[in-house]
Structures are given as structure tokens and as C-alpha cells.
Amino acid sequence: MAGSTPARLKVILGENNIEKLTLPNGIPESLEDLLSTIKTTFGLKGNFRLQYMDQDFGNDFFNLNSTTELRNLGTIKVIHQQTNPPLISADQSTSSLSLSFESDDGISVASNDTIILSSPESMSSRTQQWPEDFAIPQFSYDTELQLERGNTEYCVSQKMLTLSARMLSDILKRVAEEIYRYKAYPEDAHFCAAAEALIKKHPCLKEPGSFNGCYGWKQRLKYKMANYRTQLKLQGCPELCVNSLKSKATTDAFPAKKLKKPKRSEANFYPSFPTGETLDSMEKVRLELLTEIGIRDNERVIADKMANTFAYRRHEVVNQEPSIQELKDRWPALFTQKE
């Protein structure tokens, strides 16, 4: 805890770079002072954020919002924050629209008849449905090295691999991130598919005594996804913040009531605004569209502006649930043949 008692922290600067930090005057009371000390001690430049290891949640890392969450001999991770990528041009945005439908058995089926608009600049844009075969992502180098050795030993002697806390955390984190690429709120069948794909690729991770060898993995992934959604919600992810209690009406202020999430075949349910855009700038573009719709042979300009305001329109539909007539009044271009 913050104070004058000397403290020591373990600082993770990279995959294979772990340093010790001694604080003679104890852990600083402000997060800014701690970050400044770390930058000075290790000669770091740029923008960074910190995460701390929480022993109460299986040694998972969570964003550090206050130094009161730190303890002596604790572990923190330094994460470099990348600058935002350049905006995609209007020509690119209109040519990179994607499409997808999900059949009744959960398999993604491409369709040439329907286009689902998206905001390419948005980090939360989702243009793919759940795949027929869930692909397990690449883990960190040391985890992959141990899994390779474990798989080889399993083929010879059927011996299961004993996981360290770090390996378990790495596997759950990477798989949860991969699941989130397709579903923010996956169902039980999705967790089953991910767990089965995991033990299929890495048989040394099978669980002895489990009826299918992966039931425990399915349960771990459920808890990990819940924690991952909490982290993203704290970082302001719109798709998750829309379901927070403070975003709901007083009569609907219950965690599981009126949960807003994609229905079948909806690939891009609640995307973030394009980079650099705000509510005011989006409203300005909407007003410009009301003028553009009255100009002849203006389809290209209208298409660009409609693609740019897709996220704004989705937020309006999901949050306010307007009637068709209200949509026609606010977005007349939406009801043209081309749109």
C-alpha cells in the first residue's frame, strides 16, 4: 500500500524482460507518480499503461486504476499504447464492406445478396460470424514451446501436461480474445466449440476424468470472458458499455434485463465511432445528408456519408429504438434503393 515503507515490485517490460523495481519511499499514492518513476528507472519513452496481477483471480492481469490495488512484492506489467492508425479513405471504406449470414446450425454462410455495412475505422467493427471450425490462436513463445513438448510426450505416453499459472493465464487470455473477435456474448455452444478445438490442437491439455476431456476448459473460458468483458467495459468499449447499469433506464437497471446484443446474422451490432469522430461531428454529417439527398446524381457522396455514419445510426437504433417513421424523417437516404 502507498506509504513511506520501502517496497519492491516485479515489472514486466516484455515477453522475456522482467525487472525489479525498488521504491525506497513506498508505493506512490498517485498512478502518475508511479508511471513516471517506471519511465525514469527503465528509460522508457512514449505512452504506457499499467496492469497488475490479481492473485484473487488466478493471477490474471487487470488495468491498474489506483496504486491502492498494489501490494509489496506484487507484479505489474507495462503496456505500450500504440498510436491510432491512419484513417481509411472513403474509396477504401466503400470497397471493404463485408457480408455474412449464419445458418440455423450455426455455420457461417456467405451471401451475395445482402451487404452488412460497417465502419472500417472502428476497432469494434465485427464483419465475421462464428466460424465452422474455431481456430486456436498462437500463444506466447514460451507457452508454445511447452505445449509442443507436452504434445510430443502425450503421443508417446499419454501423459498430461501440468500447467503453470502463467501458461494457464496466457492460454485463457488468447482464446478469450479470439472468441471476442466473433462474439461479445458467446453462448454455451460457442464455449464448447472453443474448448474442443483447444484440446484437439493440444491433446496434452485434455482433462483426465472429464466426460469429454474439456469440460473444465469450457468453464474457465466462461469466467475468463466475463472478466475480459469487464476490462473492456472499464476501457469504454461501446458494445459493452451500452449494457452497463448506468446506461439503462431506472426500470431496466438489472444486469440480465434487456441485454442488447447481436441477433442471428448481425455481424456489426454496435461499433465504435470512426477514429476522430464525435457525437457532434456525426450529427453534423447527418444534417448534411438531408441536403445531399435533394441533389440529383449525388449517389456517391450519399454512399460515403452513409457509410461514415453507420456507427452513429446503429447507436441510435439500439439505444432509442425509433419507429420507422422517425427513421425516415432522420435518415431519408436509408430508404433509397441503393442504400
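The values are calculated or read from the model by the stated rules, or taken from the named source; none is laboratory data. Just so we're clear, the structure is a prediction, and the values are computed from it rather than from any experiment. FYI the Cβ positions are ideal-geometry reconstructions off the backbone, even for glycines, and counts take in every protein chain you see. Ligands, DNA and RNA are stripped out before the accessible areas are found, and what is left, the full protein with its side chains, is counted by its heavy atoms. Shrake-Rupley method; radii C 1.70, N 1.55, O 1.52, S 1.80 Å.
Descriptive notes on the structure:
Listed here are the residues, each with its yes/no results for (1) more than 28 Å from residue 241 (Cβ to Cβ); (2) modelled with pLDDT of 85 or more; (3) open to solvent by 40 Å² or more (accessible area, probe 1.4 Å); (4) outside any helix (DSSP H, G or I).
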| residue | (1), (2), (3), (4) |
| --- | --- |
| 271 | no, no, no, yes |
| 291 | yes, yes, yes, no |
| 301 | yes, yes, yes, no |
| 314 | no, yes, yes, no |
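- Pair list, Cβ under 6 Å, 6 or more apart: the range 193-215 residue assigned to a helix (DSSP H, G or I), other residue small (Gly, Ala, Ser): 199/213; 204/150
- Any hit, the range 78-87, residues being within 27 Å of the chain's Cα centre (by Cα), at pLDDT 80 or above and open to solvent by less than 50 Å² (accessible area, probe 1.4 Å): yes
- For residue 138: the one exception among (1) assigned to a helix (DSSP H, G or I); (2) surrounded by fewer than 16 Cβ atoms within 10 Å (Cβ to Cβ): (1)
- Yes/no for residue 119 being touching a Phe, Trp or Tyr at 6+ places or on another chain (Cβ under 6 Å) and at pLDDT below 50: yes
- Candidate set: the range 152-167, residues that are over 19 Å from residue 209 (Cα atoms) and touching a residue at least 40 places away in the same chain (Cβ under 8 Å); chosen: the one least open to solvent (accessible area, probe 1.4 Å): 165
- Residue count for the range 183-193 satisfying the condition of being at pLDDT below 90 and open to solvent by 30 Å² or more (accessible area, probe 1.4 Å): 3.
- The set of residues in the range 139-185 being farther than 25 Å from residue 268 by Cα and of a type in the set (Phe, Trp, Tyr) consists of 139, 141, 154.
- Among the residues of the range 316-329, those that are surrounded by fewer than 17 Cβ atoms within 10 Å (Cβ to Cβ) and part of a helix (DSSP H, G or I) comprise 317, 318, 319, 320, 324, 325, 326, 327, 328, 329.
- Scanning the range 27-53 for residues that are among the small types (Gly, Ala, Ser) and farther than 19 Å from residue 6 by Cα yields 43, 46.
- Residue ID - most open to solvent (accessible area, probe 1.4 Å), chosen from residues in the range 22-48 that are touching a strand residue (DSSP E or B) at 6+ places or on another chain (Cβ under 9 Å) and part of a helix (DSSP H, G or I): 41
- Breaking point among (1) modelled with pLDDT under 90; (2) touching a Lys or Arg at 6+ places or on another chain (Cβ under 9 Å); (3) open to solvent by 60 Å² or more (accessible area, probe 1.4 Å), for residue 276: (2)
- Pairs where the first residue, in the range 324-335, is farther than 15 Å from residue 282 by Cβ and the second is open to solvent by less than 70 Å² (accessible area, probe 1.4 Å) and not basic (Lys, Arg), C-beta under 6 Å, 6+ apart: 332/293
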